[in-house]
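None of the figures in this text is laboratory data; all of them are computed from the coordinates on show. Just so you know, these numbers come straight off a predicted model, no measurement behind them. FYI the Cβ positions are ideal-geometry reconstructions off the backbone, even for glycines, and counts take in every protein chain you see.
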Amino acid sequence: MNVLQQVPRNALVWGIICLFALVAPHALRLPFWVLGVYLLAVGWRWQVYRGRWSFPRRKLKLAMIVSSFVGIYFSYGSFIGLEPTVALLLTAFALKFTELAHRQDAYVLIFLGYFVCLTEFLFSQDLLMTFYSLLCVTLLTTTLVALHQPGQHQFNRRTIRLAFVMLLQALPLMVVLFFLFPRIGPLWKMPTNSHTGTTGMSDFMKPGDIASLTQSDEVAFRVKFEGEIPPSSDLYWRGLVMSKLENGAWSTLGLYSVPAKEARPQAVSTTGDPLIYSVIMEPTNQQWLYGLRYAISSTPGVMATSDFRLISPTPVEVEYIYRARSWTGAELEPKLSEWRRKIETKLPPNANPRSRAFALEMRDAVESDAAFMSLVMNKFTTETYVYTLKPGQLLGRDAIDQFLFESRRGFCEHYASAFVFVMRAAGIPARVVAGYQGGEVNPVNKTVIVHQFDAHAWAEVWIKGRGWVRADPTAAVSPTRIEMGLEEAMESEGSFLSEMPLSPVRYRSVALLNELRLRYDALTYGWQSWVVGFDSGQQMQLLHRVFGEISARTFMAAFIGSWALVLIPVAISLFRGKDTFPMSPADKYYRMFCHRLSLIGLKRVSGEAPGDFARRVVAAIPEETEQVWNITSLYARMAYETGADGNRNDQNALEELIRAVSKFKPKAQRNAGGGLHPPV
């Protein structure tokens with residue numbers, strides 16, 4: 001094989017580093033055997049480099065390909081979906097490494113690596129992931145640079161410097177493209193994350209579901225208010241309205257279970273100024289969004305349902321930004337239809353008889369539904385009920401009876417479920433609302449950070465003349481949870497994030513750690529707002545502010561002109577800069593040797609071999625024969641011969657060359673006419 005077509009050892013090592021760097025972000029979502037394929041590929045190729053193994057033959061490669069396809073299918077159950085597709089790509093990337101024989105193979109592998117790097121953003125567009133992707137791009141570019149250094153047979157860490165400089169030169173172009181390149185929709189729809197669990201709330205709730213969410217410190221969404229931030233006790237983020245109770249679990253009404261005439265929300269009269277805020281929501285793979293009471297969104301595509309929720313037309317698979325206005329004091333549905341009343345009072349037959357009897361008895365003791373609601377709430381306030389993340393098992397058809405009259409220990413979903421059941425048993429329309437309550441105010445950028453542990457469930461009761469009224473029995477049992485948050489409410493129990501001992505949220509009392517955490521979160525919010533959320537609307541607003549009226553001619557002039565402003569300085573620096581490849585010490589001293597000879601009229605011709613030049617010099621100044629041939633042989637040894645270890649840098653020969661050149665001081669010979677002896 002031609003030496004110039006071989007993959008240098010330096011490029012091979014950088015390629016191995018790229019291989020593992022690119023698969024690292026996907027490691028936890030890949031089947032374990034895919035990581036084994038990576039180890040096998042690297043081991044095989046290294047043994048080929050050492051001459052112990054040969055490249056895999058066609059039948060073996062075919063067997064590995066078929067085995068990979070079969071493994072992916074059995075691991076995911078399908079080839080359709082984002083995860084199996086990415087897993088196939090990553091497996092192919094590893095298998096391609098085993099047949100890395102020529103530079104053409106290396107080009108394919110490197111460009112495939114750039115594509116693999118993009119797949120990381122299909123799962124996360126977090127700021128840290130962006131920095132990590134830039135690192136991967138730098139490593140891939142370093143491998144590309146090393147591939148064009150065929151004489152580099154030792155691993156050279158300095159190769160990354162040139163790659164870093166090249167990326168810095170491309171950085172201005174990236175900025176120009178970010179602001180000016182048109183924001184267009186995808187040409188095709190990517191498959192959804194069908195093989196990963198959803199994050200946060202689900203569309204049904206049974207005892208223990210929300211309590212399990214409180215063991216996660218992940219961010220659910222971040223909110224930025226225009227104006228003052230409301231107190232925590234007013235921050236009830238509605239996401240799901242659960243009107244059906246079946247088999248001990250509450251669930252939402254399906255899209256097709258709502259009659260057409262009930263599908264539109266009733267008109268709501270509003271007074272006063274609304275709360276205006278923007279939300280950056282983390283991916284959930286679900287359609288529901290979160291907002292305060294009676295939220296209306298101006299974001300295109302966001303819709304309102306008949307039970308006054310906000311939903312997205314498609315599942316939220318990436319960070320989603322939307323704006324909303326809320327009137328928290330608005331009357332919702334003051335007139336209740338017969339269909340809605342029937343739905344919101346329905347209970348499973350013969351379940352929880354003690355709760356039913358209690359509801360009927362207590363309802364007869366008061367005059368109004370509002371008074372009955374207050375009476376039931378007072379039961380939670382005055383009697384011994386415990387707010388806990390460890391309520392114990394409550395099973396069977398009569399689980400609400402067990403909770404209300406026996407265990408009296410539960411989390412928010414237990415209290416909300418029992419409260420709504422008692423309301424319905426008394427014939428009062430009621431439903432469970434699930435979402436989040438409160439949030440952590442970040443003083444750095446005045447945003448509200450809502451974590452998964454802020455998940456909460458409460459009740460809505462329909463009162464004649466007032467419409468749907470929020471009722472939160474958790475506030476009656478544990479006011480601290482609503483006013484101060486879960487951490488303070490669980491302080492005595494010690495169960496806050498007990499399954500995440502290394503969570504930084506647990507150490508909010510450590511001033512330095514908390515300051516770093518909040519500053520990073522503020523940086524993340526800025527990244528999501530100004531970079532991830534930079535859509536076509538924001539782009540057009542920016543261009544209008546800068547250029548005024550936008551025409552095709554103006555846009556193209558700005559686009560081409562900005563590129564020229566970036567490329568011209570780079571081109572000038574390249575033309576006026578130094579040699580791309582630094583001069584070796586041997587070349588430096590040999591040039592010094594040639595320079596001293598040129599001073600006496602013996603100038604080396606461009607492209608002349610050192611041996612040919614030495615013969616001319618010896619013919620002209622024979623008394624310097626020994627020194628000339630000594631210097632020439634030392635330089636030839638340094639420049640052209642490779643040692644047993646594959647290294648041309650012979651330190652002893654270099655030191656000897658330096659001494660010989662330093663001593664070499666030729667004198668011109670005089671001819672009979674008194675002039676210098678002409679070179680031969």
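Brief remarks follow.
- Tensor-based shape of region 204-512 (alpha-carbon gyration tensor, a/c under 1.5 rounded, otherwise prolate or oblate): oblate
- Compared with the dominant Cα axis of the chain, that is its longest principal axis, helix 610-620 is turned about 30°.
- When each of Lys261/Lys346; Lys224/Lys244; Lys588/Lys667 is checked by Cα-Cα distance, pairs over 25 Å: Lys224/Lys244
- Under 17 Å from Lys335, Cα to Cα: aspartates and glutamates that are on another chain or at least 8 residues apart: Glu262, Asp307, Glu344, Asp369, Glu460
- Between Ala263 and Leu395, the contour length at 0.36 nm per residue exceeds the alpha carbon distance by 44.1 nm.
- The phi torsions of region 475-482, fed into the Karplus equation with coefficients 6.51, -1.76 and 1.60 and a -60° offset, translate into couplings of 5, 6, 7, 9, x, 4, 4, 7 Hz, rounded to whole numbers, with Gly and Pro shown as x.
- Neighbourhood net charge (12 Å Cβ-Cβ; Lys/Arg +1, Asp/Glu -1) for Val605: +1
- Note: relative contact order over the chain, using C-alpha pairs below 8 Å and six or more positions apart, is 12 percent.
- Relative contact order for region 204-512, counting Cα pairs under 8 Å that sit 6 or more residues apart, in percent: 25
- Quarter of Cα convex hull surface for region 3-180, i.e. mean projection, nm²: 11.4
- Degrees between helix 536-547 axis and first principal axis of the chain (Cα, 0 to 90, nearest 10): 60
- Anchor Lys379: lysines whose Cα lies under 22 Å away (excluding residues fewer than 8 positions away in-chain): Lys390
- In order along region 256-271, the Karplus-derived 3J(HN,Hα) couplings, from 6.51 cos²θ - 1.76 cosθ + 1.60 at θ = phi - 60°, round to 8, 8, 9, x, 4, 6, 9, 6, 8, x, 5, 5, 10, 8, 10, 9 Hz, and Gly and Pro are given as x.
- Cα-based shape type of the chain, given that a ≥ b ≥ c are square roots of the gyration tensor eigenvalues and the cut on a/c is 1.5: prolate
- Partners of Lys96 within straight-line reach, counting lysines whose Cα lies under 25 Å from its Cα and excluding those fewer than 8 residues away in the same chain: Lys59, Lys61.
- Computed [θ] at 222 nm, helices only, for the chain once each DSSP H run of length n ≥ 4 contributes -39500 (n - 2.57): -14500 deg cm²/dmol
- Sparsely packed trypsin sites (Lys or Arg not before Pro) within region 36-135, loop by DSSP, other Cβ within 10 Å at most 15: Arg50, Arg52, Arg57
- Charge tally in the Cβ shell below 11 Å around Asp398, where Lys, Arg are +1 and Asp, Glu are -1, Asp398 excluded: +1
- With neighbour counts taken as other beta-carbon atoms within 10 Å, the residues Leu177, Leu167, Leu30 rank, fewest first, as Leu177, Leu167, Leu30.
- Seen against the Cα atoms of the chain and their longest principal axis, helix 585-598 is set at about 30 degrees.
- Measuring nothing but how far apart in sequence close Cα pairs (under 8 Å, 6+ apart) lie, relative to its length, region 585-663 scores a relative contact order of 36 percent.
- Enclosed volume per residue, in Å³, of the convex hull spanned by Cα atoms of region 263-356: 152
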